[in-house]
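Scroll down for the structure; my scribbles are underneath it.
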Number of protein chains: 2
Amino acid sequence: MPYISLPEGIPGIRGPLSIRPDIAKPLSEFAETLMRGENSLSRGERELIATFVSSLNECFYCEQAHGGVAQHYLQCDTDFIDRVKEDYQSTAISGKLKSLLSIAASVQRGGKHVTETQIEKAKDIGATDREIHDTVLIAAAFCMFNRYVDGLDTWAPRERNFYIDRAKHAAELGYRVETKKEPS
Amino acid sequence: MPYISLPEGIPGIRGPLSIRPDIAKPLSEFAETLMRGENSLSRGERELIATFVSSLNECFYCEQAHGGVAQHYLQCDTDFIDRVKEDYQSTAISGKLKSLLSIAASVQRGGKHVTETQIEKAKDIGATDREIHDTVLIAAAFCMFNRYVDGLDTWAPRERNFYIDRAKHAAELGYRVETKKEPS
């Protein structure tokens with residue numbers, strides 16, 4: 001049972017946002033711009049950063065919902081998503097993405113945990129200022145989304161396939177609330 | 001020196017937002033709605049929650065900037081703001097606000113740290129669902145803002161009076177970027 005009265009059957013963040021359209025509008029526009037706007041980081045890479053941070057925050061809904069979308073964009077399997085969450089250094093992702101995930105992990109612990117060495121390493125391997133900016137902001141944003149979802153104890157389906165099955169449709173709809181209908 | 005190239009002399013979150021108007025617009029609209037929109041929690045109370053969370057995250061810029069604005073709205077002195085950050089239970093704020101600050105402190109640690117007992121206590125003392133929702137989201141949002149500010153190692157003036165002196169003007173301007181000019 002969520003801590004506040006929410007409409008039944010709307011999973012995760014969509015529950016509280018459904019009762020607060022005034023908040024949902026700018027917040028979904030922010031997510032759309034950050035996660036899906038024009039960017040040298042692909043949508044799949046950005047969703048992977050979001051999934052990784054949500055996993056570190058142990059937010060089941062965000063981890064599964066964004067993991068499903070990352071899997072859809074990257075055209076990979078569930079095992080690959082799990083391996084990135086568990087030990088991204090041992091996966092076949094680019095060195096640049098590894099350096100960005102390292103920064104994201106520091107942001108998850110707290111902004112001050114990011115070190116000059118991490119930033120230098122990312123720049124040396126080709127990360128741009130904008131990619132570093134977006135990585136820090138994506139990681140920070142999911143520290144918000146994860147806390148919003150779990151701090152209200154929102155409901156979420158426990159079956160992983162729920163998220164994988166809806167990912168394609170979710171990716172087509174995007175994050176803007178105005179244009180979105182519940183895919184399930 | 002910030003980790004990425006930012007215009008000099010623009011403090012805290014305003015630095016990175018100044019180079020990303022596409023992000024600044026929805027994010028500032030979100031802050032305006034959450035922190036200054038119509039609400040049974042006063043603007044001062046909401047800024048106090050933001051200041052408290054920023055203090056727990058040890059984000060100097062946000063702690064000072066929002067502490068200054070809270071002080072302006074609440075027409076209190078700097079000592080009062082400090083006492084709330086250090087030991088809010090011993091201050092003269094309402095029991096309801098104390099119960100909400102307790103929830104905010106849990107959200108700062110992570111969404112799952114909020115307990116049913118905390119929520120029940122807040123409801124028993126008169127907190128509405130909406131006030132609990134907004135407290136959780138304000139605390140979560142500042143876990144994002146604090147990480148964004150510190151994760152990029154942004155510049156901020158160290159003199160506390162800088163923030164106190166600009167608070168009145170900052171409160172008049174609000175958070176929307178379109179209508180805002182730097183107050184200093």
Legend entry - Every residue from the range A:69-90 that is of a type in the set (Val, Ile, Thr) and surrounded by fewer than 17 Cβ atoms within 10 Å (Cβ to Cβ): A:Thr78
Inset, instruction - Within the range B:140-169, work out how many residues are in contact with a Pro (Cβ under 6 Å, 6 or more places away or on another chain) and either farther than 30 Å from A:Glu131 by Cα or within 8 Å of chain A (Cβ to nearest Cβ) (or both). - result: 4
Inset, instruction - Determine if the range A:125-139 includes at least one residue that is open to solvent by 50 Å² or more (accessible area, probe 1.4 Å) and more than 12 Å from every other protein chain (Cβ to nearest Cβ). - result: yes
Inset, instruction - Could you check, for the range B:35-43, whether at least one of its residues is touching a residue at least 60 places away in the same chain (Cβ under 8 Å), touching an Asp or Glu at 6+ places or on another chain (Cβ under 7 Å) and among the polar types (S, T, N, Q)? - result: yes
Inset, instruction - Check B:Glu63, B:Glu58 and return the single one that is closer than 23 Å to A:Gly111 by Cβ, facing chain A (nearest Cβ under 10 Å) and open to solvent by 20 Å² or more (accessible area, probe 1.4 Å). - result: B:Glu58
Inset, instruction - Can you tell me which residue within the range A:38-51, out of those that are open to solvent by less than 10 Å² (accessible area, probe 1.4 Å) and assigned to a helix (DSSP H, G or I), is farthest from the other protein chains (Cβ to nearest Cβ)? - result: A:Gly44
Legend entry - Number of positions in the range B:110-141 that are of a type outside the set (A, V, I, L, M, F, W, C) and touching a residue at least 40 places away in the same chain (Cβ under 8 Å): 5
Legend entry - Long-range neighbours under 6 Å by Cβ, at least six apart or interchain, first residue touching a residue at least 24 places away in the same chain (Cβ under 8 Å) within the range A:154-174, second β-branched (Val, Ile, Thr): A:Ala167/A:Val69; A:Ala170/A:Val69; A:Ala171/A:Val69
Legend entry - Subset of the range B:4-37 [more than 9 Å from chain A (Cβ to nearest Cβ) and either closer than 18 Å to B:Leu74 by Cα or not in a loop (DSSP other than H, G, I, E, B) (or both)]: B:Arg14, B:Gly15, B:Leu17, B:Ser18, B:Pro21, B:Ala24, B:Met35, B:Arg36
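The values are calculated or read from the model by the stated rules, or taken from the named source; none is laboratory data. Remember, it's a predicted structure, so these values are computed and weren't measured experimentally. FYI the Cβ positions are ideal-geometry reconstructions off the backbone, even for glycines, and counts take in every protein chain you see. These area figures cover heavy atoms from the full protein model, side chains too; ligands, DNA and RNA do not enter into them. Shrake-Rupley method; radii C 1.70, N 1.55, O 1.52, S 1.80 Å.
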